[in-house]
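Remarks on the structure that follows.
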Amino acid sequence: MSPPAALKYINSTSHIQTLRKTATDKHLRPISRKEIQIYYHAALTGNVAAWNAYISNLVHDFYSLISEPSNQIFDAVYTIAQQAADNALLRFNTPNWENTRAIFVQYTGYDPIGDWGGSQTNMNLEQVKQRLAEILKVRHSFAHGFDMPAYTWTQSPSGQVRLTNKAIKETEIFFKNLVKVTDIGMKAHIELTYGLRGCWQV
């Protein structure tokens, strides 16, 4: 079985895809270009929110798995660590590379640096970090009324700076791959550090 965090992510993003599909639904024509952008903006925002929630849920999954209430000494330290993690997650609202890595390293001991680039993501680590930063800057731009940044993926074939169906699909794939490699990495970390084999299937 997949980890609960991944299952929640899959469930939430399946609903988010409806926004992208609605924007291109020919049965709903005519939809103005401005209205289409609203759907795309909402879809990108939803994907970022789902990624943010996944990180928090995975940290909670980690603590659920390593819990050992019968070991009083371990449980005392565990309780302090879990409370510190919960407090940090309450303040966690910018899921960029630096913040995400810090949350994982400080509160679970898992460092995703070795897992976030490679064949699974079709990007190297620097490309993953850059794309994640760009996605968050685009979300920030329309959340606060700024002009959208011009990246290769935020431009239409005619050169206009706007979101496209292709850009949203790429964003969905990007986060799906990040979730997959993070699941694999966290599973390996738990098995190696705590000896908990078969904690979940990925």
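The table below gives the values:
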quantity	calculated
222 nm mean residue ellipticity, helices alone, for the chain (DSSP H n ≥ 4; -39,500 (n - 2.57); rounded to 500)	-23000 deg cm²/dmol
Per-pair calculated FRET efficiency, R0 = 41 Å: residue 68 and residue 33 via Cβ, rounded to 0.05	0.15
Whole-number Å³ per residue for the convex hull built on Cα positions in segment 87-127	71 Å³
Segment 73-127, dipole about Cα centre (Lys/Arg Cβ +1, Asp/Glu Cβ -1), debye to the nearest 20	100 debye
Exposed trypsin sites (Lys or Arg not before Pro) absent - longest run of the chain, DSSP non-H/G/I/E/B, at most 13 other C-beta within 10 Å	92-196
Cα-derived Rg to Rh of segment 38-88, Kirkwood definition	1.25
Directionally averaged shadow of segment 114-202, computed from the convex hull of its alpha-carbon atoms, nm²	7.2 nm²
Distance violations [Cα-Cα > 23 Å] among 137/169; 21/129; 34/180; 8/34	21/129; 34/180; 8/34
If the convex hull is drawn through the Cα atoms of segment 80-155, its volume per residue in Å³	91 Å³
Solvent-accessible surface (1.4 angstrom probe) belonging to residue 89, in square angstrom, nearest 10	20 Å²
Kirkwood Rh, Cα atoms: Rg over Rh of segment 13-106	1.22
Using alpha carbons only: equivalent-ellipsoid semi-axes of the chain, gyration tensor based, whole Å	35, 16, 16
Backbone HN-Hα couplings from phi across segment 81-95 [Karplus 6.51/-1.76/1.60, Hz, Gly and Pro as x]	5, 5, 5, 5, 5, 4, 5, 5, 5, 5, 9, 8, 9, 10, x
Projected-area average for segment 153-202 over all orientations - Cα convex hull basis, square nanometres	4.2 nm²
Descending principal axes extents, segment 55-124, alpha-carbon based, whole Å	44, 25, 16
Per residue accessible area in Å² of segment 1-123, where ligands, DNA and RNA are left out and the probe is 1.4 Å	55 Å²
Cleavage-rule hits, chymotrypsin sites (Phe, Trp or Tyr not before Pro), segment 112-152, DSSP coil, Cβ neighbours within 10 Å at most 13	146
Signed unit charges on C-beta, dipole axis of the chain, positive-most listed residue 190, 125, 82	125
Over segment 1-62, equivalent-ellipsoid semi-axes from the Cα gyration tensor in Å	30, 12, 4
The chain - percent of accessible surface contributed by carbon and sulfur, probe 1.4 Å	54 percent
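The values are calculated or read from the model by the stated rules, or taken from the named source; none is laboratory data. Just so it is clear, the structure is predicted and the values come from calculations on it, not from any experiment. Counting neighbours? That spans all protein chains shown, and the Cβs are built from the backbone with ideal geometry, glycine included. In case anyone asks, the SASA skips ligands and DNA or RNA and just uses the protein heavy atoms, side chains included. Shrake-Rupley method; radii C 1.70, N 1.55, O 1.52, S 1.80 Å.
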